[in-house]
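Visitor: Below is one structure. I have some questions about it.
The values are calculated or read from the model by the stated rules, or taken from the named source; none is laboratory data. A quick note: this is a predicted structure, and the numbers were derived from the prediction, not measured. Cβ placement follows ideal geometry from the backbone for every residue including glycine, while neighbour counts extend to all protein chains displayed. SASA here: full protein model, heavy atoms, side chains in, ligands and nucleic acids out. Shrake-Rupley method; radii C 1.70, N 1.55, O 1.52, S 1.80 Å.
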Amino acid sequence: MNLPNKLTTLRVILIPFFVFSLLYRGGEVAAFRYVAAAIFIVASLTDLLDGKIARKYGLVTNFGKFMDPLADKLLVCSALICLIELKQLPAWMVIVIISREFIISGFRLVASDNGIVIAASYWGKFKTTFQMIAVILLIFNIPALALVTQACVWIALGLTVISLVDYIMKNHKVLTEGSM
């Protein structure tokens with residue numbers, strides 16, 4: 001259990017605390033929303049750090065390859081589902097975002113069975129960044145930033161679709177050619 005794997009594990013452990021803080025009393029207690037935002041920011045930073053540390057120091061493991069993307073999806077999907085509960089996001093948007101994650105995970109699984117590794121694209125990285133920014137802004141729920149928040153939400157949604165199309169276009173052979 002090296003440092004990057006500990007950071008990934010920490011991200012997963014933080015999720016229930018994040019969810020509780022965000023949903024406490026229907027999200028109406030500002031102090032708990034700030035705690036939720038702090039937890040989400042810390043968890044998001046562990047996502048940034050674990051990969052950099054693993055690559056820089058040669059600490060890439062099978063556990064990390066499996067758990068890091070899973071931890072990311074669990075964190076972001078948990079946040080998005082909570083934001084539906086708080087009536088800050090429409091369910092259809094969250095369904096689009098979560099569907100993209102399932103589709104990409106399926107592509108990666110099929111590719112892996114054929115000995116192919118599908119690396120994260122820049123579109124996927126931009127998507128993740130905007131999703132995390134949008135979630136943070138939605139958690140803070142600052143009326144003066146409502147326009148910025150909505151812009152980030154729509155940009156995140158657009159990048160979700162663009163990154164999905166990009167993955168499919170670049171990797172369609174994984175599904176169409178069978179074993180490679």
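Visitor: Specify the inter-centroid distance of region 2-29 and region 138-180, based on alpha-carbon positions, in whole Å.
Guide: Result: 23 Å between the Cα centres.
Visitor: Can you tell me the accessible area per residue over the chain, all protein chains present, probe 1.4 angstrom, in square angstrom?
Guide: On the way: 10130 Å² over 180 residues.
Normalised by residue count, the accessible surface of the chain is 56 Å².
Visitor: State, to one decimal in nm, how far the label point of Ile84 lies from the label point of Ala151, with both points 7 Å from Cα in the Cβ direction.
Guide: Placing both labels 7 Å beyond Cα along the Cβ direction yields 2.8 nm.
Visitor: List the extent of the Cα atoms of region 32-122 along each of their three principal axes, largest first, rounded to whole Å.
Guide: 42, 28, 22
Visitor: Out of Val12, Val148, Val161, any idea which swings most in a Gaussian network model of the chain, alpha carbons joined below 10 Å?
Guide: Answer for the Gaussian network model of the chain: Val148.
Visitor: Take the Cα of Asp166, step 7 Å along the line toward its Cβ, and report every residue of region 101-120 whose backbone nitrogen sits under 13 Å from that point.
Guide: 119-120
Visitor: So, one more: With springs only between Cα atoms under 10 Å apart, run a GNM on the chain and tell me which of Pro90, Pro69, Pro143 wobbles the most.
Guide: Pro143
Visitor: Report Rg(Cα)/(2.2 N^0.38 Å) for region 79-138, keeping two decimals.
Guide: Normalised Rg, Cα atoms only: 1.33.
Visitor: Could I ask something else about it? Using a simple spin-label model with points 7 Å from Cα along the Cα→Cβ vector, what separation in nm is obtained for Phe63 and Ile13?
Guide: Modelled inter-label distance: 1.2 nm.
Visitor: Rg/Rh for the chain: what does it come to with C-alpha atoms and Rh from Kirkwood?
Guide: 0.99
Visitor: Using helices alone, what [θ] at 222 nm do you get for the chain, with -39,500 (n - 2.57) per DSSP H run of 4 or more residues, divided over all residues and rounded to the nearest 500? Before the final figure, lay out the partial values.
Guide: Working: 6 runs with 145 residues, N = 180.
So the calculated ellipticity at 222 nm is -28500 deg cm²/dmol.
Visitor: If the chain between Tyr24 and Asp113 were fully stretched, how many nm would it gain, using 0.36 nm times the residue separation less the Cα-Cα distance?
Guide: 27.8 nm
Visitor: Whenever you get a sec, compute what percent of the accessible area on the chain sits on carbon and sulfur atoms (1.4 Å probe).
Guide: Carbon and sulfur atoms account for 72 percent of the accessible area of the chain.
Visitor: For the chain, modelled as a GNM with alpha-carbon contacts under 10 angstrom, which of Ala37, Ala71, Ala146 fluctuates the most?
Guide: Comparing Ala37, Ala71, Ala146 in a Gaussian network model of the chain, the most mobile one is Ala146.
Visitor: Let's see if you can work this out: charge +1 on each Lys and Arg Cβ, -1 on each Asp and Glu Cβ, no other charges. What is the dipole magnitude of the chain about its Cα centre, in debye to the nearest 20?
Guide: Charge dipole, the chain, about its Cα centre: 280 debye, nearest 20.
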